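The values are calculated or read from the model by the stated rules, or taken from the named source; none is laboratory data. A quick note: this is a predicted structure, and the numbers were derived from the prediction, not measured. Backbone-built Cβ (ideal geometry, glycine too); neighbour counts: all protein chains shown. With ligands, DNA and RNA removed, areas are computed over all heavy atoms of the protein, side chains included. Shrake-Rupley method; radii C 1.70, N 1.55, O 1.52, S 1.80 Å.
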Amino acid sequence: FRAKARKAPSLMEVRGEVFLPLSDFERLNEERSAQGESPFANPRNAAAGALRQLDPKITASRPLAFFAYSIGYIEGGNVNTQQESLDLLAGWGFPVNPNHDHQPSIEEVVDFCKEWEDKRNSLDYEIDGVVVKVNRFDFQEELGTVSRDPRWAVAYKFPGQTAVTRLLEIRINIGRTGALNPYAVLEPVQVGGVTISRATLHNEDDIHRKDIREGDVVVVKRAGDVIPQVVGPVLEKRSGSEKPFAYPTKCPVCQTPVVRNEGDAMAYCPNRACPAQRYESLNHFVSRGAMDIRGLGPQTLAKLVELGMIEDPADLYFLGADQIAQLPNFKEKSIHNLLESIDQSRRRPYARLLFALGIPHVGESIAQLLADHIPDISRLGEASAEEIAQIEGIGPEIAASVKSYLEQPDNRRLIEKLHKAGVSLAGESKPAGDAGPLAGKTFVITGTLPGWSRVQAAEFIKEKGGKVSSSVSSKTSYLVVGENPGSKLEKARSLDVTILSEEELRGLAPDAGSEPETPGTG
């Protein structure tokens, strides 16, 4: 394959990032102002908005740029390192960031990062750090991932850009779990090209530790150049009129006395019927990563709650056209679209529903783990915390949180209402125990397989009841080996693990003649 390095393969997946150069961003805003349109706030939002346009002509009219970062899939060849993949991409005509470099030692990596910390403003695009990757792909494979985070890559973040402004007021926002989240209302100030008027204050202890007061002149930064936060007060600018913040003893929305358990950083409103918690829970339930109900933005949800049409997420599925027609700006077509989106959400994958419920400590990846191992919410409710904790990747704290949530009467009533509304509360049953031909066996895959991608092979193993791991150990039953295997082959041999080819893997299952469904990304 290397002999034909400049000849592109017939099928490959190229991954990268779209951005808007600063010079083009300034020119775009000048054009918009000349046409009487409001300017964009920053290049990040302008680029993201351009990609979300339904009309491709609008997207094409924006001066977007692209850097290719990696090859996700390649047909008919093999790539062994990050540097090799970037060289190939550049050779095939893809734009590659010219400032990447391969450093032979960690000391030189640190020097490289510090160099670009000083030179960041010389670029025609915004950066908030440097991504450091292990060069060799076999080492990346051996290091593996934790949840969705690779052990073989890390983001070196530059110190956040700062500005000074006045803190006008400290307010409290009630989260969907009841947490009292303090935030600062600021005199608007520009930080890294973005106007900031709100900033996080983390928690009560953080406010007192930094001695932040209402009326203070404060230093504000964007953490990772994204999330605004108050660094601390500028003490020499105090006049004496500043007021220390008194944390509320009652929920500012429902007036229920707040609780703060020993060891917790946050205080909580224990009233699950609190209107603020209800609204935040609804907002989370309809979000894109959860049930993805399009047309239910924050203002629409707030209006539905205000009018008494919904109290919990299940009520969304019993809304009628006549009720939605009472909402501002909803006409016949928008009413139809919203009802259609609500109906489609009934069939969202079971893992999305688990995430949408807002169970404490259950994010998207944990929800998927639960769905893979206990693919029915009734069975999940019957499982003990100890059983749940036995799932690899789920510890005792998460298991206890899941069990506690499913035991609460209000949550059980919500799940029953969702069932009556026709929402899917179960996933596809997968072979477990001795139900599948590969049950009880743990597989590791290395190298490039001739007929399947690794994702396809992994799906095949799971469908037949087996388990797929990212690293070889004494518990590994089989190592499936393709072309150009990594160091896992040597480790498997040292542990006397059985080595299989793709053909031999297919032969382990009686009905292995059919290939698994090809994932959407190839």
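Computed quantities for the displayed model
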quantity	calculated
Leu489 in contact with a Lys or Arg (Cβ under 7 Å, 6 or more places away or on another chain) and either in a loop (DSSP other than H, G, I, E, B) or over 28 Å from Gly427 (Cα atoms) (or both)	no
Thr81 being within 30 Å of Glu26 (Cα to Cα) and touching a helix residue (DSSP H, G or I) at 6+ places or on another chain (Cβ under 8 Å)	no
Residues of the range 1-17 classified as part of a loop (DSSP other than H, G, I, E, B) and modelled with pLDDT under 80, total	5
Residue ID - most open to solvent (accessible area, probe 1.4 Å), chosen from residues in the range 437-484 that are in a loop (DSSP other than H, G, I, E, B), closer than 12 Å to Glu502 by Cβ and touching a Gly at 6+ places or on another chain (Cβ under 8 Å)	Pro450
Test for Val234: is it crowded, with 18+ Cβ neighbours inside 10 Å and not polar (S, T, N, Q)	no
In the range 253-289, the residues that are on the phi < 0 side of the Ramachandran plot and at pLDDT below 85	Asn261, Glu262, Asp264, Ala265, Arg272, Ala273, Arg288, Gly289
Candidates Asp101, Asp87, filtered to the one that is among the charged types (D, E, K, R), at pLDDT 90 or above and more than 29 Å from the chain's Cα centre (by Cα)	Asp87
Close pairs from the range 95-116: first closer than 24 Å to Phe66 by Cα and without any contact (Cβ under 8 Å) to a residue 40 or more places away in the chain, partner open to solvent by less than 100 Å² (accessible area, probe 1.4 Å) and among the polar types (S, T, N, Q), Cβ under 7 Å, at least 6 apart	His102/Gln83; His102/Asn135; Phe112/Gln103
Helices (runs of 4 or more DSSP H) completely within the range 334-430 that count 1 or more residues being at pLDDT 90 or above and over 21 Å from the mean Cα position of the chain (by Cα)	377-382, 385-389, 396-407, 409-420
Residue count, the range 151-160 (criterion: open to solvent by 40 Å² or more (accessible area, probe 1.4 Å) and not in a loop (DSSP other than H, G, I, E, B))	4
Some residue of the range 92-111 being within 30 Å of Pro188 (Cβ to Cβ) and of a type in the set (S, T, N, Q)	no
Tally, over the range 313-323, of residues that are surrounded by 13 or more Cβ atoms within 10 Å (Cβ to Cβ) and more than 23 Å from Arg352 (Cβ to Cβ)	1
Failed item, numbered, when His208 is tested on (1) more than 31 Å from the chain's Cα centre (by Cα); (2) more than 30 Å from Arg272 (Cβ to Cβ)	(2)
Test result for Asp496, loosely packed, with under 13 Cβ neighbours inside 10 Å, assigned to a loop (DSSP other than H, G, I, E, B) and at pLDDT 80 or above	yes
Residue pairs meeting the criteria (Cβ under 6 Å; at least 6 apart or on separate chains; first farther than 12 Å from Arg222 by Cα, in the range 186-212; second open to solvent by less than 40 Å² (accessible area, probe 1.4 Å) and aromatic (Phe, Trp, Tyr))	Glu204/Tyr247; Ile207/Phe245
Residue among Tyr268, Tyr247 that is out of contact with any Leu (no Cβ under 6 Å at 6 or more places or on another chain), within 30 Å of Leu425 (Cα to Cα) and among the aromatic types (Phe, Trp, Tyr)	Tyr268
Some residue of the range 169-181 being open to solvent by 60 Å² or more (accessible area, probe 1.4 Å), in contact (Cβ under 8 Å) with a residue 40 or more places away in the chain and either of a type in the set (A, V, I, L, M) or part of a helix (DSSP H, G or I) (or both)	no
Qualifying positions in the range 187-216 - part of a strand (DSSP E or B) and open to solvent by 20 Å² or more (accessible area, probe 1.4 Å)	Glu187, Pro188, Val189, Gln190, Val194, Thr195, Ser197, Arg198, Thr200, Arg213, Glu214
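The rows are residues; the columns are (1) out of contact with any Lys or Arg (no Cβ under 9 Å at 6 or more places or on another chain); (2) open to solvent by 60 Å² or more (accessible area, probe 1.4 Å); (3) of a type in the set (Gly, Ala, Ser).
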site: Leu353; (1), (2), (3): yes, no, no
site: Asp372; (1), (2), (3): no, no, no
site: Pro375; (1), (2), (3): no, no, no
site: Gly381; (1), (2), (3): no, no, yes
site: Gln408; (1), (2), (3): no, yes, no
site: Arg412; (1), (2), (3): yes, yes, no
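Per-residue answers, yes or no, for (1) modelled with pLDDT of 90 or more; (2) more than 30 Å from Ile391 (Cα to Cα); (3) touching a Pro at 6+ places or on another chain (Cβ under 8 Å); (4) not β-branched (Val, Ile, Thr):
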| site | (1), (2), (3), (4) |
| --- | --- |
| Val130 | yes, yes, no, no |
| Val146 | no, no, no, no |
| Ala153 | yes, no, no, yes |
| Phe158 | no, yes, no, yes |
| Gln161 | no, yes, no, yes |
| Thr165 | yes, yes, yes, no |
| Glu169 | yes, yes, no, yes |
| Ile172 | yes, yes, yes, no |
| Arg176 | no, no, no, yes |
